[in-house]
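The values are calculated or read from the model by the stated rules, or taken from the named source; none is laboratory data. All figures in this text were calculated on a predicted structure; none of them were measured in a lab. A quick note on method: Cβ atoms are made from the backbone with ideal geometry, for glycine too, and the neighbour counts reach across all protein chains shown.
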Amino acid sequence: MTGRRVEADALLSADAVAAGHGDVQVCAPVTLRVPPGHAVALVGPNGAGKSTVLQTLVGLLPPLAGAVRFGADPVDERQASFRRAVAQVLDDEAFFPSLTAREHLLLTARGHGTTDPDATVAAELDLFGLTERADALPTALSSGQRRRLALAAAFVRPARLLVLDEPERRLDTDMRRALAARLARDRDGGLALLLASHDAELVAAVADDVLLIAEDECRWVDPAAAADAVTGHPPP
């Protein structure tokens with residue numbers, strides 16, 4: 001199954017979407033489908049426009065052209081129903097400055113109606129190697145720990161779609177592999193996943209479809225050959 005062939009059951013869909021800032025388009029138009037239990041990876045060199053595309057697909061930026069839909073409705077980031085269904089970790093890492101790592105995760109979990117939030121938060125702190133730093137404020141965490149906290153916040157809450165921008169950033173090799181295995185399990189459990197990544201191993205482990213973002217044309221590449229696209233040497 002590929003995102004290009006799935007139509008009726010797509011959770012997130014984009015049709016000829018032009019992404020950019022102001023009136024400046026950053027890449028060729030994007031068309032994709034992300035159904036439940038499916039992972040789509042955006043790859044390409046730095047500056048290709050992957051982050052801008054993700055921000056457009058989740059409604060943080062308006063599309064310059066084309067349409068983005070979540071289910072049957074246009075994407076509207078202001079809608080509570082959309083925010084309940086979509087978890088995201090993008091470029092920004094917004095934390096409550098006066099809350100500890102544990103308190104931040106508990107607030108997120110309880111706000112989204114997580115069953116047994118205390119146990120869920122404890123499990124995610126352990127999985128992301130943050131248990132010993134759980135009572136530290138975000139300002140006291142290293143950049144890598146803050147990245148792990150941002151990722152943990154996406155997992156302590158229920159979601160139908162998870163959107164990640166370079167989730168491997170500032171993670172060591174073991175944590176990258178653990179994250180890839182976690183994402184693959186959650187995808188197999190029905191989670192829809194959209195991510196941008198420069199990590200060939202993570203893309204190979206998680207993605208069902210791989211879209212190469214470029215200025216002249218955004219095109220699908222074989223996931224088996226995606227490593228070349230991730231490292232900047234796309235197949236012909």
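Numbers below:
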quantity: Residue, nearest to residue 46 (Cα to Cα), within region 194-214, restricted to residues that are part of a strand (DSSP E or B) and either more than 12 Å from the chain's Cα centre (by Cα) or of a type in the set (Ser, Thr, Tyr) (or both); calculated: 212
quantity: Answer residue from region 42-75, given it is more than 15 Å from residue 17 (Cβ to Cβ) and of a type outside the set (A, V, I, L, M) and is surrounded by the most Cβ atoms within 10 Å (Cβ to Cβ) among those; calculated: 44
quantity: Boolean, residue 165 is closer than 20 Å to residue 196 by Cβ, touching a residue at least 60 places away in the same chain (Cβ under 8 Å) and exposed (fewer than 14 other Cβ atoms within 10 Å of the Cβ); calculated: no
quantity: Matching entry among 196, 154 (being out of contact with any Lys or Arg (no Cβ under 6 Å at 6 or more places or on another chain) and either among the hydrophobic types (A, V, I, L, M, F, W, C) or crowded, with 21+ Cβ neighbours inside 10 Å (or both)); calculated: 154
quantity: Residues located in region 72-117, provided they are among the charged types (D, E, K, R) and either in contact (Cβ under 8 Å) with a residue 24 or more places away in the chain or under 17 Å from residue 133 (Cβ atoms) (or both); calculated: 84, 91, 93, 102, 103
quantity: The listed residue being at pLDDT below 95, polar (S, T, N, Q) and not in a loop (DSSP other than H, G, I, E, B), out of 81, 13; calculated: 81
quantity: Residue satisfying all of: in region 205-227; modelled with pLDDT under 90 and buried (at least 16 other Cβ atoms within 10 Å of the Cβ); farthest from residue 37 (Cα to Cα) among these; calculated: 227
quantity: Test for residue 183: is it within 12 Å of the chain's Cα centre (by Cα) and either modelled with pLDDT of 95 or more or more than 21 Å from residue 43 (Cα to Cα) (or both); calculated: yes
quantity: Qualifying positions in region 61-78 - touching a strand residue (DSSP E or B) at 6+ places or on another chain (Cβ under 6 Å) and not in a loop (DSSP other than H, G, I, E, B); calculated: 65, 66, 67, 68, 69, 70
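The rows are residues; the columns are (1) basic (Lys, Arg); (2) farther than 30 Å from residue 115 by Cα; (3) assigned to a loop (DSSP other than H, G, I, E, B).
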{"residue": "147", "(1), (2), (3)": "yes, no, no"}
{"residue": "183", "(1), (2), (3)": "no, no, no"}
{"residue": "186", "(1), (2), (3)": "no, no, no"}
{"residue": "226", "(1), (2), (3)": "no, yes, no"}
